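Values in this text are rule-based calculations from the coordinates and carry no lab data. Note that the structure is predicted; figures quoted are calculated from it, not measured. Here the Cβ is made from the backbone with ideal geometry for all residues, glycine too, and neighbour counts use every protein chain on show.
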Amino acid sequence: MSDNPGFLNETPSRCLGRRFVSRHNLAIRAPGNISAARRESEKPEIIEQFYKKLEEVNSELVPEGLTPSQIFNTDDRIVYG
């Protein structure tokens, strides 16, 4: 007999999973299809193009005295200091 309730032979029982889902008001859903744009972005040539562009940007910024560790991704929200 296991010391962990809901476990049988050190693995979770099906009942444990059903109770967890019920207790937390979760729903089991099938994954949806990914968008065409996201599917396109996974192509090796697109990824290679991204890294070439990233290298170009890095090479432009390094002479300015910046290092890649000083480059941050932001959006258009206002940042208060």
**Message:** Just to confirm a number: summing +1 for Lys and Arg and -1 for Asp and Glu over residues other than Glu45 whose beta-carbon lies under 14 angstrom from that of Glu45, what do you get?
**Reply:** +1
**Asked** Which whole-Hz couplings ³J(HN,Hα) result when phi for each residue of the range 15-32 is put into the Karplus expression 6.51 cos²θ - 1.76 cosθ + 1.60, θ = phi - 60°, listed in order with x for Gly and Pro?
**Response** 5, 4, x, 5, 5, 4, 4, 5, 5, 9, 6, 9, 10, 8, 10, 7, x, x
**Item:** HN-Hα J in Hz across the range 37-48 - Karplus 6.51, -1.76, 1.60, θ = phi - 60°, x for Gly and Pro
**Value:** 5, 5, 4, 5, 5, 8, 6, x, 5, 5, 5, 4
**Prompt:** Any idea how far apart Ser35 and Thr74 come out in nm if each label point goes 7 Å out from Cα toward Cβ?
**Reply:** 2.5 nm
**Asked** Which far-off residues, 5 or more places away or on another chain, put their amide H under 5 Å from the one on Leu8, with H placed in the peptide plane?
**Response** Ser13
**Prompt:** What FRET efficiency do you get for Ser22 and Glu42 if R0 is 41 Å and r is their Cβ-Cβ distance, rounded to the nearest 0.05?
**Reply:** 0.70
**Most positive-pole-ward Cα, Asn25, Gln70, Pro44, against dipole of the chain from beta carbon charges** = Asn25
**Virtual paramagnetic centre 7 Å along Cα→Cβ of Glu56, amide N under 20 Å, in the range 16-41** = 41
